[in-house]
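For reference, the structure is listed below as structure tokens.
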Amino acid sequence: MNVLNKPLEIRTSPHLKSAVSTDQIMMNVVIALVPTTVFAIYAFGLAALLILSVTTISAVLTEHIYCRLNNKESTISDWSAVITGLLLGLTLPPALPLWMAALGGIASIAVVKLLFGGLGYNIFNPALGGRAILQAAFPVAITTWHPAFLADRFTNIPSSSLAWPFTTPAYDAVASATPLGNMKFNHIATDVTDMVMGLTSGSVGETSAALILLGGLYLVARNMMSWKIPVIIFLTVAVFSGIVHFFNPATPTPQFMLFSGGMMLGAVFMATDMVSSPVTEKGVIVYSIIIGIMVTVIRLWGGLPEGMMYAILMGNAVTPLLNRSLKSRVYGTGRKGGAK
Amino acid sequence: MTTTVVAKKTFAHGVHPPTHKDGTVKREIRQFPFANVLIIALSQHLGAPAKPIVREGQEVRRGEKIAEASGFVSVTMHAPVSGIIKKIGWAPSLTGKMVMSIFLESYPASGQTVEPSAPCDVNTATPEEIIAAIQEAGIVGLGGAAFPTHVKLKVPPDKAVDTLIINGVECEPYLTTDHRVMLEQQDDIFMGIRYILKATGAKRAIIGVEANKPDAILSLRENIPSDLPVTVEAVKVKYPQGAEKMLITALLDREVPSGGLPADSGSVVVNVATTAEIGRLLPLGRGIIERSITITGPGVEKSGNYLIQIGTPLRYALEQAGLKKNATRVILGGPMMGFTVSSLDVPITKGTSGLLVLTDHESQLTIRKEYPCIGCSHCLDACPIFLNPSRLGRLAKFKQYDAMAGEYNLMDCFECGSCSYVCPSNIPLVHYFRVAKGIIRDKKAAS
């Protein structure tokens, strides 16, 4: 009887496992970004296609080469480097020189992620950290915007995209202002419907609020994203900017604040980065409020038209502190338990 | 006929593993054959091992006392079959440790009859007499923990218990033995409740049952004796609803203080099968010699619920139940908290509620590539005690045991395994916590 002559497998419980795994979560984030990505390429043409390819490939290659140099198994199959590269590309101006984009992809992975210990150990969202490095290094290029829906966008590559490394890029199209730039510097408000539909100028993937929200809903439905973070950020921004707008109608309306710039992309896909956002319930609430307040303050009173990136990086920076100081009440302690 | 019961009561957090109960839930409890040699471990309960009172070569009759309690936290053992004491020596146990055990060779014609002894009448016995009788009957928690029941029922003088909770939740997937007991042994359960109410001084009893056992809930409700202050409450289907603390919270909206006992929240929780044993054995003055278990899993040919003799070696049990070719893991208990055995010479003990056999297929599902913790917080949302397993897991990797026990309340973890179950990075969290708790306890004992 085979009962008697087979080695038994020794394992500790549990002997059941829920089906979701980390690589699947990461892959689903990429799937959720597909509508936004496709629309970005539709709106900005070859420029967007090139920039997204360059950031994604540079991010993935950096991680792969790093693993090889350290004689470790390559970690690119966990999809997290793909997310970083794709998200970085989506936050960049469409006609940014591609060598800068490549540098951003390398910096995101090498400096912001791997230097801190790789997946799970990075303090800052790698894509946003990489973008911050680019913003510091190339302040002009990263705020020079390219118009959407140019007639020749599928046949013509902007000459600035192909600029040689370390040269000053020449821009062929007339630089166009983003809704936030128009608001800040020219005091012109853009129609909110246009921003929801993605008909305005802006970073590669930030212009269509509707498609970003669609991707977010997909992840929430699959329990792969915290819905609380974007919802609390939106509420904080709406309430805060609504109060300011009430007393000073010259400031943007709450709906303009919500649908302009990187608000949607940042709140839905970057503030929710599992690694760099808090894990505790109360931590998540405070983190989201901090981001909402910071972005509103920067946009309304700061020197920059957009503040989403710095607001989220600020939230990332306080995340370890929030995790540690805002813990849930442990069963049987405090109020109900009466510690023994 | 399908009936459904709606339940609102539950605890916060927890997980929803597939229940896998369909394979055995309709199988009535049937007598399992007697093995040739039974191995009765002297410490198959928490506390001090029992002391043998028989010698090698001695003839014993079924139900005869063969070992006595060696202190208050210890219980009596009885011979499950008539036969001869072959030897008293070491035998492997569930944890892998060797434990002193009595090897009893059964007579081929061992009868079903059981030696009677002094009965304990629920109407005339004092609470102390009932508690002594439960210890003498060798009864321990049959839900799995195997804590001596009489110790649980002895309420400390400075505490008062108002509610007795009978645990019929059976939240472990695959297991259906408690479900069958609730359908087939209702008179014993109600009689057991009479004894326990008297022993603890509790005013009322609540039988808590998961809503996925509507037949048990409805028929128990119908058959409650009119003079007995018992209610049957449905609780939501969620793991680990059957944990004492979670059931107390679900039914009474009270919490057991950290480091405390259920009595600190005015309640006592007893497993429903344990209650049935008390109700069946005490009026006859018998000891516990057999129990109902679920033998099941994809690796077993003849799944079902069986009345099996304590001390039956797993090898014999699996020969009778039939093992499939691709079986790999033999688990005592359920899949969430059960233990894999390293040897088939391990016997069934009083605390064995299930014998589960998994095959290569299920095995592969739990052995997956480990990723770093990505802070998804699924484990925090699963932990019924509201710990931070994500943080605790990282601390365990760096051996930060003091921080785990202090700042992060590790000692409140009761190892339900919900964190490991949900972790998408496949980090063996609860395993780390078991190891860490052991190290912390040893450190404390040493200092």
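I'm trying to understand the selection: among the residues of the range B:256-273, which are in contact with a Gly (Cβ under 6 Å, 6 or more places away or on another chain) and within 27 Å of B:Thr177 (Cβ to Cβ)?
B:Val256, B:Asn271, B:Val272
Going residue by residue through the range A:194-201, is there one that turns out to be closer than 20 Å to A:Ala271 by Cα, in contact (Cβ under 8 Å) with a residue 12 or more places away in the chain and in a loop (DSSP other than H, G, I, E, B)?
no
How many residues are touching a Pro at 6+ places or on another chain (Cβ under 9 Å), aliphatic (A, V, I, L, M) and either at positive phi or not in a loop (DSSP other than H, G, I, E, B) (or both) if we restrict to the range A:8-49?
Matching residues across the range A:8-49 total 6.
Collect the residues in the range A:201-214 that are surrounded by fewer than 24 Cβ atoms within 10 Å (Cβ to Cβ) and within 14 Å of the chain's Cα centre (by Cα), keeping them in residue-number order.
A:Ala209, A:Leu213
State which residue is nearest to B:Ala321 (Cα to Cα) when the search covers only the range B:251-304 and only residues that are part of a helix (DSSP H, G or I) and within 13 Å of chain A (Cβ to nearest Cβ).
Step by step, filter the range B:251-304, then rank; the result is B:Pro262.
Take the conditions of a type in the set (A, V, I, L, M), in a loop (DSSP other than H, G, I, E, B) and surrounded by fewer than 24 Cβ atoms within 10 Å (Cβ to Cβ) and apply them to B:Leu344. Does it pass?
yes
Can you name the residue in the range B:382-435 that is touching a strand residue (DSSP E or B) at 6+ places or on another chain (Cβ under 9 Å) and either farther than 17 Å from A:Ser13 by Cβ or aliphatic (A, V, I, L, M) (or both) and is also nearest to the other protein chains (Cβ to nearest Cβ) among such residues?
B:Val422
Give me the residue from the range B:363-381 that is at the interface with chain A (Cβ under 7 Å from one of its Cβ atoms) and part of a helix (DSSP H, G or I) and, out of that set, farthest from A:Glu73 (Cα to Cα).
B:Leu380
For the range A:285-302, what are the residues that are within 14 Å of chain B (Cβ to nearest Cβ) and surrounded by fewer than 23 Cβ atoms within 10 Å (Cβ to Cβ)?
Of everything in the range A:285-302, just one residue is within 14 Å of chain B (Cβ to nearest Cβ) and surrounded by fewer than 23 Cβ atoms within 10 Å (Cβ to Cβ), namely A:Ile285.
Working only within the range A:107-121, note down all residues that are of a type outside the set (D, E, K, R) and within 14 Å of chain B (Cβ to nearest Cβ).
A:Leu114, A:Phe116, A:Gly117, A:Gly118, A:Leu119, A:Gly120, A:Tyr121, listed by residue number.
Which of the numbered conditions does B:Lys325 fail, given that it passes all the others? Conditions: (1) at the interface with chain A (Cβ under 7 Å from one of its Cβ atoms); (2) outside any loop (DSSP other than H, G, I, E, B).
Going through the list (1) at the interface with chain A (Cβ under 7 Å from one of its Cβ atoms); (2) outside any loop (DSSP other than H, G, I, E, B), B:Lys325 breaks only (2).
Quick one: in the range B:328-338, of everything that is facing chain A (nearest Cβ under 7 Å) and not in a loop (DSSP other than H, G, I, E, B), which residue is nearest to B:Thr95 (Cα to Cα)?
B:Ile331
Could you tell me whether B:Val54 is in a loop (DSSP other than H, G, I, E, B) and more than 14 Å from every other protein chain (Cβ to nearest Cβ)?
yes
Select from the range A:315-327 the residues that are crowded, with 19+ Cβ neighbours inside 10 Å and either small (Gly, Ala, Ser) or out of contact with any Pro (no Cβ under 7 Å at 6 or more places or on another chain) (or both) and list them in ascending order.
Correct list: A:Gly315, A:Asn316, A:Lys327.
Has the range A:309-327 got at least one residue that is at pLDDT below 95, closer than 25 Å to B:Cys413 by Cβ and charged (D, E, K, R)?
yes
Can you go through B:Ser425, B:Ser390 and tell me which one is of a type in the set (Ser, Thr, Tyr) and touching a Ser or Thr at 6+ places or on another chain (Cβ under 6 Å)?
Testing whether each residue is of a type in the set (Ser, Thr, Tyr) and touching a Ser or Thr at 6+ places or on another chain (Cβ under 6 Å) leaves just B:Ser425.
Looking only at the range A:8-41, count every residue that is at the interface with chain B (Cβ under 7 Å from one of its Cβ atoms), buried (at least 20 other Cβ atoms within 10 Å of the Cβ) and in contact (Cβ under 8 Å) with a residue 12 or more places away in the chain and tell me the total.
2
Provide a single number: the residues in the range B:99-142 that are within 21 Å of the chain's Cα centre (by Cα), in a strand (DSSP E or B) and surrounded by fewer than 24 Cβ atoms within 10 Å (Cβ to Cβ).
Summing the residues that are within 21 Å of the chain's Cα centre (by Cα), in a strand (DSSP E or B) and surrounded by fewer than 24 Cβ atoms within 10 Å (Cβ to Cβ) in the range B:99-142 gives 1.
Where residues in the range A:132-160 are of a type in the set (Gly, Ala, Ser) and touching a residue at least 24 places away in the same chain (Cβ under 8 Å), which of them is surrounded by the fewest Cβ atoms within 10 Å (Cβ to Cβ)?
A:Ala137
Given the criteria among the aliphatic types (A, V, I, L, M) and more than 26 Å from A:Leu219 (Cα to Cα), does A:Leu69 qualify?
yes
Say whether the condition of being surrounded by 18 or more Cβ atoms within 10 Å (Cβ to Cβ) and farther than 30 Å from B:Ala250 by Cα is met by at least one residue in the range B:14-32.
yes
I'm trying to understand the selection: among the residues of the range A:57-92, which are crowded, with 24+ Cβ neighbours inside 10 Å and in a loop (DSSP other than H, G, I, E, B)?
A:Leu92
The values are calculated or read from the model by the stated rules, or taken from the named source; none is laboratory data. Note that the structure is a prediction, hence the values are computed from the model and not measured. All Cβ positions, glycine included, derive from the backbone under ideal geometry; neighbour counts span all protein chains shown.
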